[in-house]
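Inspection log for the structure reproduced underneath, given as structure tokens.
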Amino acid sequence: MIEWTRHAMTRARERSGLTVQQLTKRISQMLNQGRYYEPGQWARDEDGELWVNVDGPKGKATAVLVPHDEDPGCYSVITIRKANVFRQGEDQDKQLQDRPFKRLLGGT
């Protein structure tokens with residue numbers, strides 16, 4: 001089950017160009033196929049957020065999901081961010097040097 005925060009809903013069309021319904025379907029498919037990245041596992045040795053590729057007509061985008069503690073099959077989409085930046089806020093215009101999705105998914 002995929003839930004959306006209000007912030008993520010407003011960022012969905014703005015950054016990806018796809019509707020919330022289209023993104024929900026895509027995110028569910030990617031989770032079922034195991035096509036996601038877990039930054040916490042490698043960087044902080046803790047289970048936490050998942051990054052799912054949700055590229056759309058407006059550009060490359062990443063959905064950031066966090067699992068619910070009480071329901072292991074349920075995730076909340078907390079934001080949709082541009083895939084070419086490594087963090088939000090004041091540093092959002094810095095380009096990402098390491099592209100984990102490219103390595104993970106074998107893309108160009």
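Enumerate the strands (runs of 3 or more DSSP E) found wholly within the chain, keeping only those where 3 or more residues are modelled with pLDDT of 85 or more and in contact with a Phe, Trp or Tyr (Cβ under 8 Å, 6 or more places away or on another chain).
Output list reads 50-53, 61-67.
Out of all the residues in the range 21-41, which are under 14 Å from Ser76 (Cβ atoms) and surrounded by fewer than 16 Cβ atoms within 10 Å (Cβ to Cβ)? Lay out the reasoning, then the answer.
Of all residues in the range 21-41, those under 14 Å from Ser76 (Cβ atoms) come to 23-24, 27-28, 31.
Matches in the range 21-41: Ser28 only.
For the range 2-37, what are the residues that are at positive phi and in contact with a Gly (Cβ under 7 Å, 6 or more places away or on another chain)?
Gly17
The values are calculated or read from the model by the stated rules, or taken from the named source; none is laboratory data. Remember, predicted model here, so these are calculated numbers, not experimental data. In this analysis, Cβ positions are derived from the backbone assuming ideal geometry, glycine residues included, and neighbour counts consider all displayed protein chains.
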